[in-house]
Amino acid sequence: MSASPPVPLVRSAAPGAWAAASWCLGMAVAARAHLGLPLMPTSAFPGPTPWDWLVIAAALGGALCAGRLLRGRPLTALTLLIACSYAATPAVGEVAITFLQYAAVDIALGFVVATRGARARAAACVLALCALPGFAVLRQILGLPFRLPHSTESSWSGWQAYCLLAAVAWLIGDSVRRTRVYTERLGAQATAQAVTAERLRIAREMHDTVAHSIGIIALQAGAAARVAQTQPARAREAMVAVETAGRETLAGLRRLLGALRESDADGTAPGGSGDGPGAGRETVPLGPAAGLADVDRLAATTTAAGVRVDVRWRGERRALPPDIDLSAFRIVQEAVTNVVRHADTGSCAVTVEYRDEEVVIGVEDEGRGSAAPPRGAGYGLVGMRERVALLHGELRAAPRPEGGFRVTARLPLPAPAGAR
């Protein structure tokens, strides 16, 4: 089994971390001339005073706090980044907000555009575009800087480039937002298609079960007709078998069709396309459908493939209605398949418990659990949930607290055919 590819650094780091790192790097670049570092240029102007360094340290802490706030309160984080730039820029002796500090503002802007509604996007855009003019107005009002000469032109220089950066951040964020919405729609459409395909598959399997039951009914009815006069007892047994098979088949059809009609409320019948009732469907040989009796064979096959399957039977094993028997087997089959594909373990346990009013299926392993790829990959869980829902049962699938993964399905059993 191939290892999962590592998550790219751009995706693994939070946007807030990138914004805080950009702001801190911009502050370091602005202050490098006053730090006396070797091989670095040294400023001819007086360096920041102790009070200025205190302001710089406070602004640095505010930027780090803004990075943590970006995911939950992005507008607050954006405002805090701008305020920290307003405080730290004159303290370090810069005439204008540095490029990297404004890049942090652009990262926050792009995150807001990608994840928030129209009002938040508009507010973020206004804040980003007004950051540099606001700083210029503040400098003029306060007569800043204290050490470097400035003018209106120097305060507004670069604003056009910063506006272009803000526009690029907006476009990137909007592209991410549209891509996410499109991906969600595709996911919803794919899930709906998977549900429809699963229902059609269930319907085809039910067709095979009904065909097998009708074949039995025909054989028993023919036998009863042949011996009705000479062997009444055998004819009566044959007709009881016909009644039992007919009742079980009709009960399964009622449960299945009642659930399928909910998805066909728009008037589209499953499998309605083609030239005839059997068009587009592969031919299945007439014979009994798979059931819980085949679990041991499934376990042997899977064990031979390299994953040991321990099967535990509980309760009194008995015949189940064909639709429930088939669905129970398919749930076991899909859960074991998920173990083989995703759990990265050498064994799993299958439990089949017969109760008075339900049959309980359990499949658990000691594999990767929550660290494993999503169990819904390939829509396996979607199919299992659909099968259980059609039978009005309950399905639980989640990582185990002690490690690994557990799938539990409860399928209610109908009352016996002779019960009143």
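Residues in segment 334-371 that are in contact with a helix residue (DSSP H, G or I) (Cβ under 6 Å, 6 or more places away or on another chain), assigned to a helix (DSSP H, G or I) and touching a residue at least 40 places away in the same chain (Cβ under 8 Å): Glu334, Asn338.
One residue stands out among those in segment 303-359 that are over 30 Å from the mean Cα position of the chain (by Cα) and aromatic (Phe, Trp, Tyr): the one that is nearest to Gly403 (Cα to Cα), which is Trp313. Residues in segment 309-342 that are over 19 Å from Arg385 (Cβ atoms) and among the aliphatic types (A, V, I, L, M): Val309, Val311, Ala319, Leu320, Val340. Checking each residue of segment 47-68 against the condition of being among the charged types (D, E, K, R), at pLDDT 70 or above and over 22 Å from Gly134 (Cα atoms) gives at least one match. Being among the basic types (Lys, Arg), out of contact with any helix residue (DSSP H, G or I) (no Cβ under 7 Å at 6 or more places or on another chain) and modelled with pLDDT under 85 is a property that Arg73 lacks. Just one of the numbered conditions (1) within 18 Å of Asp325 (Cβ to Cβ); (2) polar (S, T, N, Q); (3) modelled with pLDDT of 80 or more is not true of Thr230: (1).
Comparison of Glu402, Glu366 shows that the only residue that is over 29 Å from Met206 (Cβ atoms), surrounded by 14 or more Cβ atoms within 10 Å (Cβ to Cβ) and modelled with pLDDT of 80 or more is Glu366.
The values are calculated or read from the model by the stated rules, or taken from the named source; none is laboratory data. Source: prediction; values computed, not measured. Quick reminder, even Gly has a Cβ in these numbers, built from the backbone with ideal geometry, and neighbours come from all protein chains shown.
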